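Colleague: Below you'll find the structure I mean.
The values are calculated or read from the model by the stated rules, or taken from the named source; none is laboratory data. Please read all numbers here as calculations on a predicted model, not as lab measurements. Virtual Cβ from ideal backbone geometry, glycine too; neighbours counted across all protein chains shown.
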Amino acid sequence: MTSVFQFQEWLASHATRTESALDALLDSNQIVPHRLHEAMRYAAQGGGKRIRPLLVYAAGALGNAKDAVTLEVLDSAAVAIECIHAYSLVHDDLPCMDDDDLRRGRPTVHKVFDEAIALLVGDALQTRAFEVLANANCDVDVRLRMISALAAASGSRGMAGGQAIDLDSVGKKLDLAGLQQMHAMKTGALLSCAVELGGIVARLNLAQMTCLRNYSRALGLAFQIVDDVLDATADSQTLGKTAGKDAANDKPTYVTLMGLDYAQTQAKHLQEEAIASLKIFGNKGQALKDLALLVVNRGK
């Protein structure tokens, strides 16, 4: 008899696994330089939804290998992408970027430490991500594919490029296509990469990886639309960061461009599109389906 998938149990166990992996693979603050390592841990272990590591584990479960070594490699991939995500948040909060004092319900890194340390935290978390992947306990071709995927998603044609477009768009009018391109790079690239990393470890075939890319493209856009909706409708306590920043900074969003109703309807449509892309995986794709529901229903 096939057991029913319990998403909340899966979510709790893999969130715990993520925290344990981060603790194991980040340098201790007892190691020189102490303050930098303390700040890196503050940035990476300061809570958050851990959506990207969860996507790594969910996609990794689509393969046939369930052994301890495979799970260890997924740990490396989960930590690597969370390090990149954390670094992007630390830099995004700096005065020269979005200039924010609150992140994940706590003071931002440059407020607790200082701007110079925050800059170095981002640099060190980024390089640590690739060091973790380079040392992953798997075949060389798997390591190289993961490193290549994460580098592409993080750089000028991915997350960093999306942030550059975001900064350049303040006070300007973007059309819908331009807004979608910006968010596909700034937010969607790392979300897509998380799914891809899991698929690489699972050794999925070309057709399966194509389905995963369709899923992650829709999910990444849905994630950003929901972020725009929450920025316009939720308070700072709920968000864990300063609410209303996009409007205050005159940034283009789905809400300001297309209206709240459109944004909410579009997020729901993209959620359905993402879930439909997983049909090929049958019951194995349930965690990814439930994560799509979790992403779109945030704040409800």
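Colleague: Could you check region 51-107 and list, in sequence order, the residues that are among the basic types (K, R), surrounded by fewer than 22 Cβ atoms within 10 Å (Cβ to Cβ) and under 19 Å from V201 (Cα atoms)?
Modeller: K66, the sole residue that qualifies.
Colleague: Taking the options D250, D231, name whichever one is at pLDDT 65 or above and more than 20 Å from the chain's Cα centre (by Cα).
Modeller: After ruling out the rest, the residue left standing is D250.
Colleague: Further, regarding this structure: Of these, A129, A136, which one is within 22 Å of D98 (Cβ to Cβ), of a type outside the set (D, E, K, R) and out of contact with any Pro (no Cβ under 7 Å at 6 or more places or on another chain)?
Modeller: A129
Colleague: Answer yes or no as to whether Q286 is at pLDDT 85 or above, part of a helix (DSSP H, G or I) and under 24 Å from A202 (Cα atoms).
Modeller: Yes: the conditions hold for Q286.
Colleague: I need the full set of residues from region 27-42 which are in a helix (DSSP H, G or I) and aliphatic (A, V, I, L, M), in order please.
Modeller: The answer is L36, A39, M40.
Colleague: Can you say whether C138 is of a type in the set (A, V, I, L, M, F, W, C), within 24 Å of D75 (Cα to Cα), modelled with pLDDT of 95 or more and under 14 Å from the mean Cα position of the chain (by Cα), as far as the supplied structure shows?
Modeller: In short, no.
Colleague: Working only within region 156-174, note down all residues that are under 9 Å from P252 (Cα atoms) and loosely packed, with under 14 Cβ neighbours inside 10 Å.
Modeller: Within region 156-174, V170, G171, K172, K173 qualify.
Colleague: Would you confirm whether or not region 43-62 contains a residue that is assigned to a helix (DSSP H, G or I), basic (K, R) and under 23 Å from K289 (Cα atoms)?
Modeller: Looking through region 43-62, at least one residue is assigned to a helix (DSSP H, G or I), basic (K, R) and under 23 Å from K289 (Cα atoms).
Colleague: Taking the condition buried (at least 20 other Cβ atoms within 10 Å of the Cβ), out of contact with any Leu (no Cβ under 9 Å at 6 or more places or on another chain) and either of a type in the set (V, I, T) or over 19 Å from A160 (Cα atoms) (or both), does A136 pass?
Modeller: yes
Colleague: Does V142 satisfy the condition of being over 26 Å from Q224 (Cα atoms) and β-branched (V, I, T)?
Modeller: When the stated conditions are applied, V142 passes them.
Colleague: Exactly one condition in (1) in a helix (DSSP H, G or I); (2) over 21 Å from G47 (Cα atoms); (3) β-branched (V, I, T); (4) modelled with pLDDT under 95 is false for V226; which is it?
Modeller: Going through (1) in a helix (DSSP H, G or I); (2) over 21 Å from G47 (Cα atoms); (3) β-branched (V, I, T); (4) modelled with pLDDT under 95 one by one, V226 breaks only (2).
Colleague: If you don't mind, another one. Quick check on A149: is it closer than 22 Å to C96 by Cα and in a helix (DSSP H, G or I)?
Modeller: Considered against the rule, which asks whether it is closer than 22 Å to C96 by Cα and in a helix (DSSP H, G or I), A149 comes out as no.
Colleague: Among the residues of region 203-218, write down those that are free of Cβ contacts under 8 Å to residues at least 12 places away in the same chain and not in a helix (DSSP H, G or I).
Modeller: Selection gives N205 alone.
Colleague: Has region 189-202 got any residue that is surrounded by fewer than 16 Cβ atoms within 10 Å (Cβ to Cβ) and in contact (Cβ under 8 Å) with a residue 12 or more places away in the chain?
Modeller: No, the conditions are met nowhere in region 189-202.
Colleague: Another question about this same structure. From A86, A68, A80, A24, which residue is among the aliphatic types (A, V, I, L, M), farther than 19 Å from G122 by Cβ and modelled with pLDDT of 95 or more?
Modeller: Answer to the check: A24.
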